[in-house]
Amino acid sequence: MCRSIKTLRPPAIPEDATEEEIRAAALQYVRKVSGFRAPAAHNREVFDQAVDAVAQATAELLAGMEVRGNAARAS
């Protein structure tokens, strides 16, 4: 997996992950999976849609996770 994607849950980061951090991780993931740092113009829309979908799934995952026995936080 891409080593530049950082862990976004406690205790790796003490506070909640920001939207910017989640989007950066999603972008790195899509870059890794697609094999492109930046998509060609004809692939830009699908590339951006993938980043949005991964960022949303990541935010949902982090919001619903229970870490070290703490109850999942409400969104």
* Structure fact -> Total charge of the residues flanking Ala38 in space, meaning their Cβ is under 9 Å from its Cβ, with Lys and Arg +1 and Asp and Glu -1, is +3
* Accessible-area ranking of Arg31, Arg44, largest first, probe 1.4 Å -> Arg44, Arg31
* Can you give the angle from 0 to 90° between the axis of helix 44-64 and the longest principal axis of the chain, with both taken from C-alpha atoms, to the nearest 10? -> 10
* Tell me, what is the percent relative contact order of the chain, built from C-alpha pairs under 8 Å that lie six or more residues apart? -> 28
* Averaged per residue, what accessible area in Å² does the range 28-71 show with a 1.4 Å probe, protein chains only? -> 73
* **Mean ellipticity per residue at 222 nm, deg cm²/dmol - from DSSP H runs of n ≥ 4 across the chain, formula -39500 (n - 2.57)** => -17000 deg cm²/dmol
* Helix axis angle, 19-34 relative to the chain longest principal axis, alpha carbon, degrees -> 50
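The values are calculated or read from the model by the stated rules, or taken from the named source; none is laboratory data. Here the structure is a predicted model, which is why all the values come from computation and not from measurement. All Cβ positions, even for glycine, are placed from backbone atoms using ideal geometry, and neighbour counts span all protein chains on display. Note: areas computed on protein heavy atoms with side chains; ligands, DNA, RNA excluded. Shrake-Rupley method; radii C 1.70, N 1.55, O 1.52, S 1.80 Å.
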